[in-house]
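Beneath this line is the structure, given in structure tokens, with notes to follow.
The values are calculated or read from the model by the stated rules, or taken from the named source; none is laboratory data. Only a predicted model underlies this, so the values are computations on that prediction, with no experimental measurement involved. Glycine also receives a Cβ, built like all others from the backbone with ideal geometry; neighbour counts cover every protein chain displayed. Calculation scope for accessible area: heavy atoms of the full protein, side chains included, ligands and nucleic acids excluded. Shrake-Rupley method; radii C 1.70, N 1.55, O 1.52, S 1.80 Å.
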Amino acid sequence: MKRGLNLVAAAFALTALSYGLARFAYGLLLPQIRAELALEATAAGWIGSGAFAAYCVGIVLTFVCSASFTPRTLAAFAGLTATAGMACIVVASSAWMMGAGVALAGLSTGLTSPPLASAVAAHFADEGRARANAAINAGTAAGIVFSGAAAAMTVSAWRELYALFALIGAAVTLWLWFALRKARSSETTAGFSLKILHRPGLAVLCASAFAMGLSSTAIWTFGADIRGTFGLSDTGIAWAWITLGTAGVSGAATGVLIERFGTARVHAFSLLGIVAAILTLAASGYSLVFGFVAMGVFGAAYIMSSGTYLIQGIALLPDRPDLGLGFAFLCLALGQTTGAPLFGATLDAVGVTGALFAFALPAVVAIFLRPRVG
């Protein structure tokens with residue numbers, strides 16, 4: 001039991017590192033980075049999109065490499081790439097070097113979750129896996145809180161922050177190496193076959209995850225733009241991010257909620273939360289209170305929804321938990337990659353309110369796209 005808790009804690013820390021620090025901190029610290037490196041908005045946008053693309057590449061790499069490397073090795077590599085990417089950002093002196101660091105850091109997120117799902121499957125009995133995976137997934141929110149708090153307490157010290165993040169990354173990677181036991185050959189996953197794509201329910205799950213990812217870009221993209229639209233300061237943006245992450249920690253209870261209420265209800269409830277958050281953000285023009293409420297609701301709903309997709313994917317592919325999680329998260333990321341430029345174009349065409357209402361619709365559709373897994 002003690003070893004199981006240590007595994008979950010180390011995996012939680014890796015998720016916080018790769019998602020919260022290596023991936024999302026860039027957006028928070030972007031104003032400071034742009035000022036020092038004289039980055040144009042277009043260059044900054046391409047650098048940020050590199051993290052999304054690298055995330056997708058990382059997930060595909062876990063599919064390809066799972067037959068050759070144990071979950072322990074892949075998870076440790078995720079920690080190393082996060083650490084190396086943030087170290088590269090520390091010494092970046094040009095847009096190209098910054099882009100390489102952000103992409104390498106983004107690669108770590110794709111490498112993180114699939115091997116952790118395999119490690120949980122090897123260590124926990126069926127009844128404990130949903131809770132363990134949901135708790136680990138909530139590490140994203142913890143990382144967001146930490147990065148937001150760090151940004152709120154510093155002014156123009158982004159290099160020092162990334163140096164601190166890199167040191168944390170090295171420590172977490174070392175901890176993870178000892179927390180995950182070395183898998184025996186019979187426990188090592190068996191590579192990837194296209195036949196697995198025909199599993200019942202997988203296509204529906206992927207379509208639903210894509211739609212959720214598409215909708216979520218309304219907050220991931222526009223939420224960070226409160227600064228310009230509603231006059232919030234950089235420190236205020238950091239506090240909005242902290243609000244999002246703090247609420248998101250509640251997503252650790254996703255497994256418990258599914259056991260209590262069933263997958264269908266939690267799936268629908270979390271997606272309704274995303275819809276409510278997007279629509280509430282549209283009211284931020286009347287009061288910033290609505291903006292902070294929207295960020296909090298979104299944080300809880302997004303972590304819960306992604307956790308639900310994670311659990312459903314693993315339930316559909318119980319023999320390959322890494323692929324069950326990987327397919328769901330890959331499609332979610334593809335939805336975000338598609339949604340980011342599409343949201344910008346919609347914003348220019350119909351304005352803030354119209355764009356937000358339009359991007360709430362895919363999450364509504366996703367409510368009805370659910371495989372029958374419990």
ALA125 versus LEU80, label points 7 Å from Cα toward the beta carbon: distance in nm? 3.6 nm
How large is the accessible surface of PHE269 in square angstrom, using a 1.4 angstrom probe and rounding to the nearest 10? 140 Å²
Please give the per residue accessible area of the chain, computed with a probe of 1.4 Å over protein heavy atoms only, in Å². 40 Å²
Can you give the accessible area of ILE219, probe radius 1.4 Å, in Å² rounded to 10? 0 Å²
Find the Cα radius of gyration of the stretch 1-74, compare it with 2.2 N^0.38 Å by division, and give the number to two decimals. 1.47
From the alpha carbon gyration tensor of the stretch 62-150, can you work out the equivalent ellipsoid semi-axes (sqrt of 5 times each eigenvalue) and give them in Å, largest to smallest? 28, 18, 8
For the stretch 10-15, take each phi angle, set θ = phi - 60°, evaluate the Karplus expression 6.51 cos²θ - 1.76 cosθ + 1.60, and give the result in whole Hz per residue in order, putting x for glycine and proline. 5, 5, 4, 5, 5, 4
Run the accessible area of the chain with a 1.4 Å probe and give the carbon-and-sulfur part as a rounded percent. 70 percent
Provide the gained length on full extension for the span MET153 to VAL60, in nm with one decimal, where the gain is 0.36 nm per separating residue minus the Cα-Cα distance. 29.8 nm
Given [x] 23.7; [y] 20.3; [z] 21.1, which label gives Kirkwood radius over Cα pairs in Å as computed from the coordinates? [y]
Between LEU5 and ALA38, what FRET efficiency follows from the Cβ-Cβ distance if R0 is 35 Å, with the result rounded to 0.05? 0.15
Taking springs between alpha-carbon atoms closer than 10 angstrom, which of ALA105, ALA358, ALA238 fluctuates most in the Gaussian network model of the chain? ALA358
